[in-house]
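Peer 1: The structure under discussion is supplied below as structure tokens; questions concerning it will follow.
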Amino acid sequence: MSRIVLYWHPMSSATPIACALAELGVPHERVKVDITTGEQRRPAYLALNPNGKVPTMTVDGAPMFEALAMHLWLGDTHGVEKGLWPAAGTPERLQAMSWCTWSYVTYGAQLVRLQAARDLGTPDDAHGHAAHKGLDELLALLDARLAAQPWMLGSGYSLVDLCVGSVIGYSAYIGAPVAAHPHVLAWLHKVQARPAMQIEA
């Protein structure tokens, strides 16, 4: 099995990757990067991740950055055999890639707008309201999907639920209207209750 090292910081964007590794039961090493002291901007770390952010994951010494890429790689490499990721060549695999990307890119773009308004102390200005409206519309799409099935890909839990749920959970924390969408809220509670989501990361 490949030697995997996760470079992380507690309560950061690295947490969902730590949770995915735990869900899959994949042996790995963790190296804490102290982002409060700027360790992520030191040359040794930038050689692994030019963005200077966490997470970074190395596989047999080869670095990978961007959490979404890690989710997809973990699903493809370790998730299929565990029944937590659909096999290549199936319609479910296409949906898995689509929804994971949706959460980080489409939903994430609105989330960045909300975060910016929050950071500026202007969550109630026009930009904050526009971000809130955009998130509400996207949550309605997700709610409709989860009204028809209990999990993102159908009847069983998968890494797609972990990936999407991590983004939705963070968005709820910073003020996205998740509670206004009952199917999303019920599903999110189930995702967050999984043992792998309780790890200290």
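Peer 1: Restricting the count to DSSP beta bridges whose residues both fall in the chain, what percent are antiparallel, rounded to a multiple of 5?
Peer 2: Looking only at bridges with both residues in the chain, the antiparallel portion is about 70 percent.
Peer 1: Can you tell me the dipole magnitude for region 1-109 around its Cα centre, using point charges on the Cβ only (Lys, Arg +1; Asp, Glu -1), in Debye to the nearest 20?
Peer 2: Working: 8 positive and 9 negative charges, 50 e Å.
Computed charge dipole of region 1-109: roughly 240 debye.
Peer 1: How much accessible area per residue does the chain have, counting only protein heavy atoms and a probe of 1.4 Å, in square angstrom?
Peer 2: Numbers: 9750 Å² over 201 residues.
Each residue of the chain exposes 49 Å² on average to a 1.4 Å probe.
Peer 1: Roughly how many Å² of residue 81 are accessible to a 1.4 Å probe, to the nearest 10?
Peer 2: Only protein atoms counted, so the area is about 140 Å².
Peer 1: I would also like to ask the following. Let me have the relative contact order for region 74-132, percent, based on Cα pairs under 8 Å that are six or more residues apart.
Peer 2: That works out to 18 percent.
Peer 1: In a shell of Cβ-Cβ distance under 14 Å around residue 29, excluding residue 29 itself, what net charge do Lys and Arg (+1) and Asp and Glu (-1) give?
Peer 2: With Lys, Arg at +1 and Asp, Glu at -1, the net is +2.
Peer 1: Another one. Rounded to a whole number, what % of the accessible area of region 1-95 do carbon and sulfur atoms account for, probe 1.4 Å?
Peer 2: Numbers: 2680 of 4780 Å².
Carbon and sulfur: 56 percent of the exposed surface of region 1-95.
Peer 1: Relative to a virtual label point 7 Å from the Cα of residue 51 in the Cα→beta-carbon direction, which members of region 158-175 show backbone nitrogen distances below 14 Å?
Peer 2: Counting only backbone N, you get 167.
Peer 1: Right, here's the next one. What whole-number value in cubic angstrom gives the convex hull volume per residue for the C-alpha atoms of region 1-99?
Peer 2: Numbers: hull volume 9.9 nm³, N = 99.
Measuring per residue, one finds 100 Å³ for the Cα hull of region 1-99.
Peer 1: Please build a GNM for the chain, connecting alpha carbons under 10 Å apart, and tell me which residue among 35, 168, 17 fluctuates the most.
Peer 2: Fluctuation is largest for 35.
Peer 1: Under the definition of Cα pairs under 8 Å and six or more residues apart, what whole-number percent is the relative contact order of region 54-201?
Peer 2: Rounded, it is 20 percent for region 54-201.
Peer 1: Oh, and also: Report the per residue volume, in Å³, of the convex hull enclosing the C-alpha atoms of the chain.
Peer 2: Details: hull volume 24.1 nm³, N = 201.
Considering the Cα atoms of the chain, their hull volume per residue is 120 Å³.
Peer 1: Further question on the same structure: Any idea which of 130, 107, 88 is furthest toward the positive side of the dipole for region 73-154, if Lys and Arg beta-carbons carry +1 and Asp and Glu beta-carbons -1?
Peer 2: Of the options given, the answer is 88.
Peer 1: Is there a quick way to get the dipole size of the chain? I mean about its Cα centre, with the Cβ of Lys and Arg at +1 and of Asp and Glu at -1; what is the value in debye to the nearest 20?
Peer 2: On the way: 14 positive and 17 negative charges, 35 e Å.
Once rounded to the nearest 20, the dipole reads 160 debye.
Peer 1: Taking the chain as a Gaussian network, Cα atoms linked when under 10 Å apart, which of 15, 58, 90 shows the biggest mean-square fluctuation?
Peer 2: 90
The values are calculated or read from the model by the stated rules, or taken from the named source; none is laboratory data. The model shown is predicted, which means the values in this text are computed figures rather than measured ones. Ideal geometry is used to build each Cβ from the backbone, glycine not excepted, and the neighbour counts take in all protein chains shown. Each accessible area value is taken on the protein alone, full model and side chains, heavy atoms only, with ligands, DNA and RNA left out. Shrake-Rupley method; radii C 1.70, N 1.55, O 1.52, S 1.80 Å.
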